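The values are calculated or read from the model by the stated rules, or taken from the named source; none is laboratory data. Note that this is a predicted model, so its numbers are computed, not measured. Neighbour counts are summed over all protein chains in view; Cβ atoms, including those assigned to glycine, are modelled from backbone coordinates with ideal geometry. The protein model used for the area step is the full one, side chains on, heavy atoms only, and it has no ligands, DNA or RNA in it. Shrake-Rupley method; radii C 1.70, N 1.55, O 1.52, S 1.80 Å.
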Amino acid sequence: MADRITSSGCAAVAIDGPFHGERVASPLTPLEYQSRMAAEGIGRVLDRMAEDWVAARDLLVDVGTADPTRQAYFGLSMGTRFGLAAARALGPGLKCAVFGKFGTQSTPGINAGLHAPHRVLDDASAVTAPVLFHVQWDDEIFPRPGQLQLFDAFVSPDKELLGFGGGHRNTPEHASAMWHGFINRHIA
């Protein structure tokens, strides 16, 4: 996705999720990183990730790489979990966001300490930028009703729902072109 974005003349940045990548000494299993997030408190983790996104944006603006009035956010699944708070924190410079594969409900395989539907809906209701929301219709991790509830929470008058058959990990190859096209329409 970063290659697609930069091919359009825009900067792209990725940040490791909490307890992922360079944030930990060695890779953790889902059970391990979910337990650490739950122990810290999901609200605190969401706030910390939002602060990291704002700091990254500010650094890119300071070095002349990014325009603070033309920002987009892209993140699915865990990228949506943490991106909702980030999108809210990025403020009016956020021109659009692509979210999905996440909702207000999850299966028992997700640590219950990460379940924060009120926070999810509160953050989503503060996102006024155009939103494209990707749903895998048969998602076995985040059931469709919770994803649709999240989509409904976005207050932007310009929101689109993109649905595909299949489970959480089944994303059609052409979906990335649709995500990129949405971002291009709003920030190019």
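Looking at (1) assigned to a helix (DSSP H, G or I); (2) of a type in the set (A, V, I, L, M, F, W, C); (3) in contact with an Asp or Glu (Cβ under 7 Å, 6 or more places away or on another chain), which is the one condition that is false for VAL120?
Condition (3) is where VAL120 drops out.
Does segment 22-33 contain at least one residue that is surrounded by 13 or more Cβ atoms within 10 Å (Cβ to Cβ) and of a type in the set (Gly, Ala, Ser)?
No; the residues of segment 22-33 include none that is surrounded by 13 or more Cβ atoms within 10 Å (Cβ to Cβ) and of a type in the set (Gly, Ala, Ser).
So in segment 68-86, with the set limited to residues that are free of Cβ contacts under 8 Å to residues at least 40 places away in the same chain and in contact with a helix residue (DSSP H, G or I) (Cβ under 7 Å, 6 or more places away or on another chain), which one is most open to solvent (accessible area, probe 1.4 Å)?
THR69
Give the residues of segment 51-94 that are among the small types (Gly, Ala, Ser) and out of contact with any Leu (no Cβ under 8 Å at 6 or more places or on another chain), sorted by residue number.
Here is the first cut: in segment 51-94, the residues among the small types (Gly, Ala, Ser) are 55-56, 64, 66, 72, 75, 77, 79, 83, 85-87, 89, 91, 93.
The answer is ALA55, ALA56, GLY64, GLY75, SER77, GLY79, GLY83, ALA86, ALA89, GLY91, GLY93.
So which residues in segment 1-46 are aliphatic (A, V, I, L, M), closer than 15 Å to ARG81 by Cβ and at pLDDT 95 or above?
Those that are aliphatic (A, V, I, L, M), closer than 15 Å to ARG81 by Cβ and at pLDDT 95 or above: MET37, ALA38, ILE42, VAL45, LEU46.
State the number of residues belonging to segment 92-109 that are out of contact with any His (no Cβ under 7 Å at 6 or more places or on another chain) and open to solvent by 30 Å² or more (accessible area, probe 1.4 Å).
5
Given GLY146, GLY163, which one is in contact (Cβ under 8 Å) with a residue 24 or more places away in the chain, open to solvent by less than 20 Å² (accessible area, probe 1.4 Å) and under 24 Å from PRO108 (Cα atoms)? Write out each step before concluding.
Working: GLY163 fails: open to solvent by less than 20 Å² (accessible area, probe 1.4 Å).
After ruling out the rest, the residue left standing is GLY146.
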